[in-house]
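The values are calculated or read from the model by the stated rules, or taken from the named source; none is laboratory data. The structure displayed is predicted, hence computed values, not measured ones. Every residue, glycine as well, gets a Cβ built from its backbone with ideal geometry; the counts of neighbours run over all protein chains shown. Protein only, heavy atoms only, side chains kept; ligands, DNA and RNA dropped before computing areas. Shrake-Rupley method; radii C 1.70, N 1.55, O 1.52, S 1.80 Å.
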Amino acid sequence: MTDILRNNWFVVLIAIIIIGFIGYFIYDTNKDNVSAKSSNNEQVVASIDKDDITANDLYDESAPYDGSTIYNMYKNAVIDQSIETTKDIKKQANTLESNIKSNASKQSDDYESTLTSELAKYGYSSFEQLNDYCITSVKEKEMNKKYITKHFDELKKAWEEKSPRTVSIIKMEVSDADNLTETETKKKSNIETALTKESFADVAKAFSEDSNTANKKGFAGYIDTDSTTSTSSSSNSTVPAAVATAAISLQKGDTSDWITVTTSSGTSLYKVYVKETDSSKIFNAKNDAVANQALYAILNSDSSLSYKILKSYAKKLDIKFNDKSTKKKFDSYVETTYGGDQ
């Protein structure tokens, strides 16, 4: 179920809204500064929706949580104060929430309980808070996008080593790749002839038997070297690993020879066409799926980049830890996870 939450957006370390579980206080003097006050003789460290959260409330519930949860709280505070919750972000969050519910319902009849249990790991007490999770996820994507856009020239190098590109495919199902039937032989010949006269897109639309891409003129989206291994978490399921491997060796505008792919569902012949290899155009693609995959790939190219981005935004805020043990857990987590880049 963790993958249901994580894989619905192409980001690394999706932030979670966690309130009232960690024993420390983060504040921004320019935006959401919380003045010191007390309630029933207890220091109030935060006010959420006009409800006071006291130091005892936080410290009493902090024990079960480790450095990763503290880090998520820190990250959430930075994201929340750095990125405005616009109407567009809310709209994207609603879409993400619908996708998560749809995917979860396909995996479990009692998906609400399953998601509630999963969200509880991040500090949420009910299924109704899924939208809060989604808003923060979208805001983190926006934050990462802004940073990478500003520093694109220096960040693209590691990503470009993975040969990012967008591709289109033509798929033809066959019974035996080495012994084509008369009908299959004729169709293969028709495709090859059409490719000498028409664009790959038009031929894919007319002949391809891939239900996911034929109506998109064969466009299969983003791939890179990570897509060449079928076990890769970032591989594009629309493009088999063998097809992606062939595409990586091609230049923009090239079309491959026939590629045989055999799976448990049967054997197919593929042709792949490289549509774009310019990293800037891919990153700024109008196609949201391509742009999101490119963003994810850039983040994944540097294991510490997500923290570097967070750190750059945190520097603009006045963030303090009032509890030394909490700060120690946070530092230890960053040291272990990101090599101590603090």
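Scanning segment 188-230 for residues that are of a type outside the set (Phe, Trp, Tyr), open to solvent by 40 Å² or more (accessible area, probe 1.4 Å), modelled with pLDDT of 95 or more and outside any helix (DSSP H, G or I) turns up Thr196, Lys197, Glu198, Ser199, Glu209, Lys217.
Please indicate, with yes or no, whether at least one residue in segment 246-255 is assigned to a strand (DSSP E or B) and touching a Leu at 6+ places or on another chain (Cβ under 9 Å). Scanning segment 246-255, I find at least one residue that is assigned to a strand (DSSP E or B) and touching a Leu at 6+ places or on another chain (Cβ under 9 Å), so the answer is yes.
Close Cβ contacts (under 6 Å, 6 or more residues apart or on different chains) running from residues in segment 198-212 that are more than 17 Å from Asp254 (Cβ to Cβ) to residues that are among the basic types (Lys, Arg) comprise Lys205/Lys217; Ser208/Lys171; Glu209/Lys171; Asp210/Lys171.
Restricting segment 320-335 to residues that are open to solvent by 30 Å² or more (accessible area, probe 1.4 Å) and hydroxyl-bearing (Ser, Thr, Tyr), which is nearest to Gly221 (Cα to Cα)? Only one residue fits best here, namely Tyr333. Quick check on Leu317: is it in a helix (DSSP H, G or I) and surrounded by 15 or more Cβ atoms within 10 Å (Cβ to Cβ)? Against the criterion (in a helix (DSSP H, G or I) and surrounded by 15 or more Cβ atoms within 10 Å (Cβ to Cβ)), Leu317 does not qualify.
Screening Ser249 with (1) at pLDDT 95 or above; (2) of a type in the set (S, T, N, Q); (3) surrounded by fewer than 16 Cβ atoms within 10 Å (Cβ to Cβ); (4) in contact with a helix residue (DSSP H, G or I) (Cβ under 8 Å, 6 or more places away or on another chain) gives one miss only, at (4). Considering segment 161-187, the residues that are in contact (Cβ under 8 Å) with a residue 60 or more places away in the chain and of a type in the set (Lys, Arg) include one that is surrounded by the most Cβ atoms within 10 Å (Cβ to Cβ), namely Lys171.
Here's the yes/no breakdown for (1) part of a helix (DSSP H, G or I); (2) over 21 Å from Leu317 (Cα atoms); (3) within 20 Å of the chain's Cα centre (by Cα):
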| residue | (1), (2), (3) |
| --- | --- |
| Ile70 | yes, no, no |
| Ile89 | yes, yes, yes |
| Ala93 | yes, yes, yes |
| Lys106 | yes, yes, no |
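Within segment 43-67, the set of residues being exposed (fewer than 14 other Cβ atoms within 10 Å of the Cβ) and either of a type in the set (Val, Ile, Thr) or at pLDDT 50 or above (or both) comprises Ile48, Asp66. Comparison of Leu299, Leu295 shows that the only residue that is in a helix (DSSP H, G or I) and touching a Leu at 6+ places or on another chain (Cβ under 7 Å) is Leu299.
When segment 108-130 is filtered for residues that are closer than 26 Å to Asp66 by Cβ and in a loop (DSSP other than H, G, I, E, B), the ones remaining, listed by number, are Lys121, Tyr122, Gly123, Tyr124, Ser125, Ser126. Output yes when any residue across segment 174-181 is within 23 Å of the chain's Cα centre (by Cα) and not basic (Lys, Arg), and no when none is. Within segment 174-181 (the criterion being within 23 Å of the chain's Cα centre (by Cα) and not basic (Lys, Arg)), the answer is no, since none of the residues qualifies. Does Asp288 satisfy being in contact (Cβ under 8 Å) with a residue 40 or more places away in the chain and open to solvent by 30 Å² or more (accessible area, probe 1.4 Å)? Criteria not met by Asp288. Taking the conditions exactly as written (modelled with pLDDT of 80 or more and not in a helix (DSSP H, G or I)), does Asp80 satisfy them or not? Considered against the rule, which asks whether it is modelled with pLDDT of 80 or more and not in a helix (DSSP H, G or I), Asp80 comes out as no. Among the conditions (1) open to solvent by less than 50 Å² (accessible area, probe 1.4 Å); (2) in contact (Cβ under 8 Å) with a residue 60 or more places away in the chain; (3) more than 30 Å from Leu96 (Cβ to Cβ), Ile298 misses just one, which is (3).
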